[in-house]
1. Under 16 Å Cα-Cα from residue 31, which lysines qualify once same-chain neighbours fewer than 8 residues away are excluded?
2. Report, to the nearest whole %, how much of the accessible area of the chain belongs to carbon and sulfur atoms, 1.4 Å probe, protein only.
3. Straight-line reach from residue 211: which lysines have Cα under 21 Å away, leaving out those fewer than 8 places along the same chain?
4. Local charge sum around residue 95 (other residues, Cβ-Cβ under 10 Å, Lys/Arg +1, Asp/Glu -1)?
5. State the label only: which of (i) 22, 20, 19; (ii) 38, 19, 16; (iii) 31, 18, 17 corresponds to semi-axes √(5λ) of the Cα gyration tensor in Å computed from the shown model?
6. When only C-alpha pairs under 8 Å and at least 6 residues apart count, what is the relative contact order of region 118-213, in percent?
7. Go through region 138-145 residue by residue and turn each phi into a ³J(HN,Hα) via Karplus (6.51, -1.76, 1.60, θ = phi - 60°); whole Hz please, and just put x for glycine and proline.
8. Taking 8 Å as the Cα distance limit and 6 or more residues as the minimum spacing, I'd like the relative contact order of the chain as a percentage.
Amino acid sequence: MSAAPQIFTATSAYSLAFVTAVGIAAYVAAKSLLPKNASWQDRVTFIWLAFDGIIHYTLEGSFVYYSMFGKQVITSSGPMAQMYNPGKEYALADSRWGTADPTIVSLELLTVFGVGTMCFYVLKQLIQRDPARHYWIIVLSTSEIYGGWMTFCPEWLTGSPSLDTSNALYLWVYLVFMNIIWVFVPLWLMYDSYGHIAKSLRFAQAAADAKKS
């Protein structure tokens, strides 16, 4: 009888440790760079966007690099490739990430160069306390949710042939947790920024109406 597949490997630990280190770096950056009187909402936003931007530029950026010009993660070597390499990490949960799936590569090009760059631009605005950040937060968050939808909806409609849900780590950590946070956090950011924008516009409209009367 063949041995049961190992759920948690050394590469799993390496990958999760990297993600944890990014989260710690984002927290330290928020403590160091934000004004002392920054609201808790701005602190949470900063930590998330710093984490988000670094993940886009490193993990997803390496995926794009290893998937362009005829290359595939499945045949690539290097520490960042290992996180997606079948037999290693994320491509075991979703095989499309190992084979340069054109839809995934197309979405990740926009995510890395568009959304990732917007993350760092909004971080700059947060440090400078620029209210215009709320517009860009809504644009960024909408892009994140759309990207997640276009990643998984086509897969679900075809019966999820690329997803491996037989392994608890791959299902609940990689496929569920590591993707659902890119839905709920952007939704909260959109809600928060909508409140700021609506409040400002209503105040401006009330002031304008008062001048006319």
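The values are calculated or read from the model by the stated rules, or taken from the named source; none is laboratory data. Keep in mind the model is a prediction, meaning the values are calculated, not measured. When we count neighbours, we look across all protein chains shown, and the Cβ atoms used for this are built from the backbone with ideal geometry, even at glycine. These area figures cover heavy atoms from the full protein model, side chains too; ligands, DNA and RNA do not enter into them. Shrake-Rupley method; radii C 1.70, N 1.55, O 1.52, S 1.80 Å.
1. 124
2. Here it works out to 69 percent.
3. 199
4. Once all neighbours under 10 Å are counted, the net charge is -2.
5. (ii)
6. It rounds to 37 percent for region 118-213.
7. Running phi through 6.51 cos²θ - 1.76 cosθ + 1.60 with θ = phi - 60° gives 5, 4, 4, 5, 4, 5, 4, 5 Hz.
8. 20 percent
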